[in-house]
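To start, the structure under review is shown below, and the notes come after it.
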Amino acid sequence: SQQGEEDPQALSIQEGENATMNCSYKTSINNLQWYRQNSGRGLVHLILIRSNEREKHSGRLRVTLDTSKKSSSLLITASRAADTASYFCATVGTGNQFYFGTGTSLTVIP
Amino acid sequence: EPEVTQTPSHQVTQMGQEVILRCVPISNHLYFYWYRQILGQKVEFLVSFYNNEISEKSEIFDDQFSVERPDGSNFTLKIRSTKLEDSAMYFCASDSSYSNQPQHFGDGTRLSIL
């Protein structure tokens with residue numbers, strides 16, 4: 001299976017702190033993407049990192065990719081209560097289908 | 001910003017009945033997808049669709065499932081004879097090109113089979 005696996009499964013932090021989530025996967029990839037899902041809503045794309053990239057930034061988000069370890073991390077800096085959501089990594093298969101992990105449930109306490 | 005829209009937001013159906021879930025992808029997108037998320041579990045790929053035919057499908061997408069783009073704007077998922085285990089959130093997604101692009105997801109249809 002190519003599916004990513006995130007850890008931790010759940011993370012609770014105080015507003016203003018940084019949150020780090022990790023993703024591991026099993027096979028080679030073209031790119032890896034991170035998505036957010038608020039309760040009862042669809043997935044919202046956050047950031048895409050290509051297999052030849054090692055780090056990418058977007059606002060308060062920082063993503064790293066280590067293809068030798070088949071792992072990625074998502075760092076959210078200066079967290080806000082509105083960041084409370086589930087975060088998923090997705091690896092892209094040969095047919096452009098996404099394989100999602102089990103997700104990390106992030107709670108940011110005001 | 002353009003959105004993927006899905007209807008209905010919640011569908012309740014008796015076991016054995018047929019159900020059609022509807023999606024309107026973003027208008028200039030060419031690739032369309034259906035995913036399923038059983039409560040508390042991963043989002044799972046069902047099928048991808050391009051140029052009026054299925055590109056890829058997963059093991060979940062058996063003969064009970066079919067997809068169609070009947071009129072150039074809607075993209076539908078039909079489940080012919082629903083089972084209890086079909087209860088899940090079904091997400092439609094679309095994107096504009098084949099690789100290295102984000103997919104845009106709708107808010108999903110919650111399907112409840114009684």
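The values are calculated or read from the model by the stated rules, or taken from the named source; none is laboratory data. This is a predicted model, so every value here is computed, not measured. Methodologically, a virtual Cβ is constructed for each residue, glycine included, from the backbone with ideal geometry; neighbour enumeration extends over all protein chains shown. These accessible areas exclude ligands, DNA and RNA; they are computed on the full protein's heavy atoms, side chains included. Shrake-Rupley method; radii C 1.70, N 1.55, O 1.52, S 1.80 Å.
Within the set B:28, B:74, the sole residue that is touching a residue at least 24 places away in the same chain (Cβ under 8 Å) and either open to solvent by 80 Å² or more (accessible area, probe 1.4 Å) or more than 23 Å from residue A:41 (Cα to Cα) (or both) turns out to be B:28. Listed by position, the strands (runs of 3 or more DSSP E) enclosed by region B:32-103 that each have at least 2 residues that are of a type in the set (Asp, Glu) are B:53-57.
Criterion first (under 20 Å from residue A:102 (Cβ atoms), more than 11 Å from chain A (Cβ to nearest Cβ) and under 14 Å from the mean Cα position of the chain (by Cα)) does residue B:60 satisfy it? It is true that residue B:60 is under 20 Å from residue A:102 (Cβ atoms), more than 11 Å from chain A (Cβ to nearest Cβ) and under 14 Å from the mean Cα position of the chain (by Cα). Selection of region B:49-98 for residues being within 15 Å of residue B:24 (Cα to Cα), of a type in the set (Ser, Thr, Tyr) and modelled with pLDDT of 95 or more yields B:76, B:90. If you go through region A:80-107 and pick out every residue that is over 13 Å from the mean Cα position of the chain (by Cα) and buried (at least 21 other Cβ atoms within 10 Å of the Cβ), you end up with 4.
Of all the residues in region A:27-43, those that are within 7 Å of another protein chain (Cβ to nearest Cβ) and either open to solvent by 50 Å² or more (accessible area, probe 1.4 Å) or within 11 Å of the chain's Cα centre (by Cα) (or both) number 3. Close contacts from region A:1-26, counting a first residue that is open to solvent by 50 Å² or more (accessible area, probe 1.4 Å) and at pLDDT below 95 and a second that is of a type in the set (Val, Ile, Thr) and not in a strand (DSSP E or B), with Cβ to Cβ under 8 Å and a gap of 6+ residues or different chains, come to A:5/A:102; A:9/A:102. Taken residue by residue, region A:60-75 has no member that is of a type in the set (A, V, I, L, M, F, W, C), open to solvent by 60 Å² or more (accessible area, probe 1.4 Å) and part of a strand (DSSP E or B).
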